[in-house]
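Engineer: Before we start, here is the structure in question, set down as structure tokens.
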Protein chains: 2
Amino acid sequence: MKQKPKINNVTTLGQSRLFHIEQLSLQFSNGAEATFERIRARAGKAVMVVALTEQQEILLVSEYAAGTEQYELQCPKGIIEPGEDSLAAANRELAEETGYAARQCRLLQTMRVSPGYFDHQTDLVLATDLYPHTLDSADEPEPPEVIRWSLDRIDELLARQDFSESRSIAAVLLASRALT
Amino acid sequence: MKQKPKINNVTTLGQSRLFHIEQLSLQFSNGAEATFERIRARAGKAVMVVALTEQQEILLVSEYAAGTEQYELQCPKGIIEPGEDSLAAANRELAEETGYAARQCRLLQTMRVSPGYFDHQTDLVLATDLYPHTLDSADEPEPPEVIRWSLDRIDELLARQDFSESRSIAAVLLASRALT
């Protein structure tokens, strides 16, 4: 195991309601010095759900993404609330975004987004044995559009220009792997 | 196709050398108004490489990640330079980080990281028919550790605590899918 660089200094470069840009002064074990930037998000751990229907379809949601300024197709996801565990958060987000809950939930994988710049973690949950269950979500300006996608049409999904979110790609492939 | 929300205003909340935090005031087609934050990165499009040896091993690199403050195992990646295409950038990054180049490169997938917050795009390239070719990289404080991982041991790779980067997970699963 390589010796980690020493963090000599951390400075805040800018902040907003959700984010915090920091600069780190590092000294590596070989003596080299470097300055790295990173972003701290105020939101806690996230959960993403691959929900599978009896017809072997996954439930995807299309929502407006401010980063790309277009509607993006993704697996349902959200922030784990204080006191919630990943499986409870997965079932809550699923009900809020798709109108279904699951009798079976299990953790498939823990994922990170750009660990060079973020600490943010997403727990991926496989949800099966679904039943209709609607929960209102206060934080959505418009209801997400729910799209059912057959697991045997993954190639077609991967070819869609609006299905590019790396955690959702990993999620669908991991679920397909877990189920076959 | 749903009508996109109207962007009424964009304000800069903070900026650094690499990042730029913006606030967007949006009006959705149903009349609802919302304020979203997003981050603009100054770096351009990225490329990630799944490089496969003749022994059906992929080349992974372990590098210090400032976001998680630990060494993270990922597929080689980097920023596409001005005038480069994705395949040339993939071969350059591969040589800089692993000491190999590829005679065959092909685009497997285009991926995004958190499109709700970022516009950043990563082209995933499958590199095969490798040969030794070293390029110096000016921008690394220490050389990355290169680890060869057999494609038939993916489950073990997914179980590693330091292999969690969502694009790398998607990359390895997409390559495995493309090759079998």
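Only the coordinates and a few stated rules stand behind these numbers; no lab work does. Please read these numbers as outputs of a predicted model, since none were measured by experiment. Heads up, the Cβs are rebuilt from the backbone with ideal geometry, glycines too, and the neighbour counts pull from every protein chain shown.
Engineer: Between A:TYR131 and A:THR110, what is the label-point separation in nm under the 7 Å Cα-to-beta-carbon projection?
Structural biologist: According to this spin-label approximation, the distance is 3.2 nm.
Engineer: Let me ask you something else. With chain A treated as a Gaussian network of Cα nodes joined by springs under 10 Å, which of A:SER16, A:SER114, A:SER137 yields the largest mean-square fluctuation?
Structural biologist: A:SER16
Engineer: Taking the label point 7 Å from Cα in the Cβ direction, how far apart in nm is A:GLN161 from each other copy of itself, listed shortest first?
Structural biologist: List, nearest first: 4.3 nm.
Engineer: Output, in nm with one decimal and in ascending order, the distances from the A:LYS2 label point to the matching label points of the other copies (7 Å from Cα along Cα-to-Cβ).
Structural biologist: So the label point of A:LYS2 gives 4.3 nm to the other copies.
Engineer: Related question: How far is helix A:166-179 tilted, in degrees, relative to the longest principal axis of the Cα atoms in chain A, given as a value from 0 to 90 rounded to the nearest 10?
Structural biologist: Here the helix axis deviates by roughly 50 degrees.
Engineer: Further question: Placing +1 at every Lys and Arg Cβ and -1 at every Asp and Glu Cβ, with all other atoms neutral, what dipole size does chain B have around its Cα centre, in debye to the nearest 20?
Structural biologist: On the way: 18 positive and 27 negative charges, 217 e Å.
Around 1040 debye, computed over chain B.
Engineer: Okay, next question. Determine, from the Cβ-Cβ distance of B:SER25 and A:GLU57 and an R0 of 45 Å, the FRET efficiency 1/(1 + (r/R0)^6), rounded to the nearest 0.05.
Structural biologist: Values: r = 36 Å, r/R0 = 0.81.
So, using R0 = 45 Å, E works out to roughly 0.80.
Engineer: Please give the average number of partner chain Cβ atoms lying within 10 Å of the Cβ of each residue in A:104-110, rounded to a whole number. Each step should come with its number before you reach the end.
Structural biologist: On the way: counts 0, 0, 0, 0, 1, 5, 3.
Average per residue, whole number: 1.
Engineer: Which residue in A is nearest the A/B rotation axis when you measure from the C-beta atom, and what is the distance in Å?
Structural biologist: It is A:GLY14, 1, counting Cβ atoms only.
Engineer: What's the angle, to the nearest 10 degrees (0 to 90), between helix A:86-98's Cα axis and the longest principal axis of chain A?
Structural biologist: Roughly 60 degrees between the two axes.
Engineer: Given a 10 angstrom Cα cut-off, can you work out which residue in B:HIS20, B:HIS133, B:HIS120 is the most mobile in a GNM of chain B?
Structural biologist: Of B:HIS20, B:HIS133, B:HIS120, the Gaussian network model singles out B:HIS20 as fluctuating most.
Engineer: Moving on. For peptide A:12-23, how many partner chain Cβ atoms fall within 10 Å of a residue's Cβ, on average? Provide the component values of the computation, followed by the final result.
Structural biologist: Numbers: counts 2, 6, 8, 3, 10, 5, 8, 8, 2, 9, 3, 4.
Across A:12-23, the average partner-chain Cβ count within 10 Å equals 6.
Engineer: Tell me whether the range A:65-180 comes out rounded, prolate or oblate; compute the Cα gyration tensor, take square roots of the eigenvalues as a ≥ b ≥ c, and use a/c under 1.5 as the rounded threshold. Can you show the working numbers first?
Structural biologist: Numbers: a/c = 1.15, a/b = 1.09, b/c = 1.06.
Note, shape of the range A:65-180 comes out rounded.
Engineer: What is the mean number of Cβ atoms from other protein chains located within 10 Å of the Cβ atom of each residue in peptide A:58-68, rounded to a whole number?
Structural biologist: Numbers: counts 0, 0, 0, 0, 2, 3, 10, 9, 18, 17, 10.
The mean count of partner-chain Cβ atoms within 10 Å per residue comes to 6.
Engineer: Can you tell me, using C-alpha contacts under 8 Å and at least 6 residues apart, the relative contact order of chain B as a whole percent? Show your work: numbers first, answer last.
Structural biologist: Details: 359 pairs, mean separation 37.8, N = 180.
Rounded, it is 21 percent for chain B.
Engineer: I've got another one for you. With both partners inside the protein assembly as shown, how many of the DSSP beta bridges are antiparallel, as a percent to the nearest 5?
Structural biologist: Working: 86 of 100 bridges.
Within the protein assembly as shown, antiparallel bridges account for around 85 percent of the total.
Engineer: Of the candidates B:GLN109, B:GLN121, B:GLN161, which one comes out as most mobile in a Gaussian network treatment of chain B with C-alpha springs shorter than 10 Å?
Structural biologist: Of the options given, B:GLN161 has the highest mean-square fluctuation.
Engineer: If you don't mind, another one. Can you tell me which of B:92-100, A:21-29 comes out highest on packing, and rank the rest after it, using the mean Cβ neighbours within 10 Å? Can you show the working numbers first?
Structural biologist: Details: B:92-100: 22.3, A:21-29: 17.2.
Most protected by this proxy first, the peptides run B:92-100, A:21-29.
Engineer: May I ask which residue of B:VAL10, B:LEU26, B:PRO132 lies farthest towards the positive end of the charge dipole of the protein assembly as shown, with charges of +1 (Lys, Arg) and -1 (Asp, Glu) on Cβ and the Cα centre as origin?
Structural biologist: B:VAL10
Engineer: Could you tell me which of rounded, prolate or oblate describes the protein assembly as shown, using a ≥ b ≥ c as the square roots of the eigenvalues of the alpha-carbon gyration tensor, with rounded for a/c under 1.5 and, failing that, prolate when a/b is larger than b/c and oblate otherwise?
Structural biologist: On the way: a/c = 1.68, a/b = 1.26, b/c = 1.34.
Cα axes put the protein assembly as shown in the oblate bin.
Engineer: Taking square-rooted eigenvalues a ≥ b ≥ c of the alpha carbon gyration tensor, is the range A:98-162 rounded, prolate or oblate, where a/c under 1.5 means rounded and, failing that, a/b exceeding b/c means prolate? Write down the numbers at each step before the final one.
Structural biologist: Numbers: a/c = 1.36, a/b = 1.20, b/c = 1.13.
Cα axes put the range A:98-162 in the rounded bin.
Engineer: Using a label position 7 Å from Cα in the Cα→Cβ direction, what is the ascending list of nm distances from A:TYR131 to the same site in the other copies?
Structural biologist: 6.4
Engineer: Would you mind checking the pairs A:LYS77/B:LYS2; B:LYS6/B:LYS45; B:LYS6/B:LYS77; A:LYS4/A:LYS45; B:LYS4/B:LYS77 and listing those with alpha carbons more than 30 angstrom apart? Please report the intermediate quantities before stating the final value.
Structural biologist: Values: A:LYS77/B:LYS2 21 Å; B:LYS6/B:LYS45 26 Å; B:LYS6/B:LYS77 35 Å; A:LYS4/A:LYS45 24 Å; B:LYS4/B:LYS77 33 Å.
The answer is B:LYS6/B:LYS77; B:LYS4/B:LYS77.
Engineer: Now for a separate question. Net charge near A:GLU33: determine it from the other residues with C-beta under 14 Å of the C-beta of A:GLU33, scoring Lys and Arg +1 and Asp and Glu -1. All intermediate terms of the calculation are to be shown ahead of the outcome.
Structural biologist: On the way: positive: A:LYS6; negative: B:ASP139, B:GLU140, B:GLU142.
Neighbour charge sum, excluding A:GLU33 itself: -2.
Engineer: Moving to a separate point now. Going by amide H atoms built from the backbone, whose H comes under 5 Å of the H on A:GLU69, apart from near neighbours?
Structural biologist: Amide H to amide H, under 5 Å and 5 or more residues apart or across chains, A:GLU69 pairs with nothing.
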